[in-house]
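Notes follow once the structure below has been shown.
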Amino acid sequence: MSTPHVGYMAIDQYGETYHIGDNPPRKWLLEHFCRQHAAKMYVDTKAGRVRHIGYIIAGHWLEVFSVALWKE
């Protein structure tokens with residue numbers, strides 16, 4: 001059983017959090033920073049793969065997270 005998705009949030013390199021809600025993260029962040037371009041940010045995994053984790057917008061390195069309800 002999967003937990004229900006409730007939205008997105010982003011954290012930049014300074015620890016600032018951005019609560020995006022259920023909006024598309026890239027679009028919301030571009031509007032928030034009044035920009036038109038976002039570069040994708042990637043990370044190397046231990047399995048040797050590359051994974052997209054967020055965006056670089058207006059000097060902010062934003063890691064985007066999917067938020068889900070916590071159930072025990």
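Each reported figure results from applying straightforward, stated rules to the coordinates on display, with no laboratory input. Not measured: the values here are computed from a predicted model. Note that each Cβ is placed from the backbone with ideal geometry, even for glycine, and that neighbours are counted across all protein chains shown.
Find the relative contact order for segment 5-68 and round it to a whole percent, using C-alpha pairs within less than 8 Å whose residues are 6+ positions apart.
Relative contact order, segment 5-68: 39 percent.
Each residue of segment 47-53 in turn: what ³J(HN,Hα) in whole Hz from Karplus with 6.51, -1.76, 1.60 and θ = phi - 60°, glycine and Pro shown as x?
Running phi through 6.51 cos²θ - 1.76 cosθ + 1.60 with θ = phi - 60° gives 7, x, 9, 10, 10, 6, 10 Hz.
Along segment 18-30, what does the Karplus equation 6.51 cos²θ - 1.76 cosθ + 1.60 (θ = phi - 60°) give for ³J(HN,Hα), rounded to whole Hz, x for Gly and Pro?
So the J values, rounded to whole Hz, are 10, 8, 8, x, 8, 6, x, x, 4, 4, 5, 5, 4.
Summing Lys, Arg as +1 and Asp, Glu as -1, what charge do residues with Cβ under 15 Å from the Cβ of Ile53 carry, Ile53 excluded?
For residues surrounding Ile53, the net value is +2.
Taking 0.36 nm per residue of separation and subtracting the Cα-Cα distance, what length does fully extending His52 through Phe65 add?
Using 0.36 nm per residue and subtracting the Cα-Cα distance, I get 3.6 nm.
When the Kirkwood radius is taken over all Cα pairs of segment 5-68, what Stokes-Einstein diffusion coefficient follows at 37 °C and 0.692 mPa s, in µm²/s?
In µm²/s, the coefficient is 270.
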